[in-house]
Amino acid sequence: MKNLQHRYEALRTILREAYFGKEHVEVGEQWQVNAMRRIRALGPIPSGANFFLFFEQFVWRLTPATCILIFIFAALLFKLDFTPEYEVFTSLICDTEELSLAQLFEF
């Protein structure tokens, strides 16, 4: 435990000296060139073909056009009265007759 505490204090002292000494350090004129050279040495970030990223961009590009088409078709359906009322109600209404248990088992 003492050894760990001693290392912690030594590291803290080094970091404190580096922090307070930064004001007196002179930077050469080539620092920008050296920094860019190090960045170029890192190379490009590896990128692979990500299907989901492409799909997400595709969906978000089509979303406004899809919403506009939905609104246009909904307005046309309400304006033109596309569905006849009789067929709509016949598809929604089930048979109102109740079958008795005896009628279910008759052949």
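The values are calculated or read from the model by the stated rules, or taken from the named source; none is laboratory data. Worth saying up front: this structure is predicted, and the values here are computed from it rather than measured. A quick note on method: Cβ atoms are made from the backbone with ideal geometry, for glycine too, and the neighbour counts reach across all protein chains shown.
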(request) Sort out which residues of the range 15-32 are part of a helix (DSSP H, G or I) and surrounded by fewer than 10 Cβ atoms within 10 Å (Cβ to Cβ), and write them in order of number. (result) TYR19, PHE20, GLY21, LYS22, GLU23, HIS24, TRP31
(message) Of all residues being polar (S, T, N, Q) and assigned to a helix (DSSP H, G or I) in the range 45-90, which is modelled with the lowest pLDDT? Just the residue, please.
(response) THR90
